[in-house]
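Here the structure comes first, spelled out in structure tokens, and everything after it is commentary.
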């Protein structure tokens, strides 16, 4: 356990998990979209649903979708800011099943350039978050470092191809997770890395045989790929 996990983030309260975590989920979703969000269908699960309104989860999510940070005093005005920005939204309850973290949310988002995103994420305490699913692909990552998500054919050589590219660019892989729908079906590879991946390398990956979809979460503004 590190110091951040003990004292939590610098934030506007009242809750690091229900408020700050919600802001971070919204903000990460906005970065993945790479454009202004104009429509959001938000479904709260478990504790997010039961106590989220009193703890500011609803406003936190909207604030994050608007690009606000956890310590922004305008979080309390998120609904008014959304109206000014042309962001329409609905907030409802849902049941994501017994395996879902109690502080979970599912969002269906649409941007001003027509791009859509479906995301399931959770606030796991101390302002930390975890993405669980993107566009129906199972994936687990924190959003704290550059992250490459590849949907690919389940066949030999796919992980090696991605790893060799990163090695050639002197990019270290911090974590790697693998999942697949079935043998020889579709697989998902999630790599959290220590350095940014160049846009031209992401474009190269997208055009390789066996690659179905590439999603990239950058720590730099306007450098995300979907």
Listing 151, 164 by rising number of other beta-carbon atoms within 10 angstrom, fewest first, gives 164, 151
Give the order of 147, 19, 51 when sorted by the count of other beta carbons within 10 angstrom, beginning with the fewest. 51, 147, 19
Modelling each spin label as a point 7 Å along the Cα-to-Cβ direction, I'd like the residue 92/residue 41 distance in nm, to one decimal. 0.7 nm
Past the 30 angstrom mark, what percentage of all C-alpha to C-alpha distances in the chain do you count? 24 percent
Largest to smallest principal axis extent of the C-alpha atoms in region 36-75, angstrom: 27, 23, 10
Taking the Cα centroid of region 37-67 and of region 126-162, what is the distance between the two, rounded to the nearest whole Å? 23 Å
Counting each DSSP H run of 4 or more residues in the chain as -39500 (n - 2.57), what helix-only mean residue ellipticity at 222 nm follows after dividing by all residues, to the nearest 500 deg cm²/dmol? -8000 deg cm²/dmol
From the C-alpha gyration tensor of region 3-135, square roots of 5λ in Å: 20, 17, 13
Cα gyration tensor of region 147-217 - equivalent ellipsoid semi-axes, whole Å, descending: 19, 13, 11
Rounded to the nearest 10 degrees, the helix 158-168 long axis (Cα) sits at an angle to the longest Cα principal axis of the chain of 90 degrees
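Values in this text are rule-based calculations from the coordinates and carry no lab data. What you see is a predicted model; the values in this text were computed from it and never measured. FYI the Cβ positions are ideal-geometry reconstructions off the backbone, even for glycines, and counts take in every protein chain you see.
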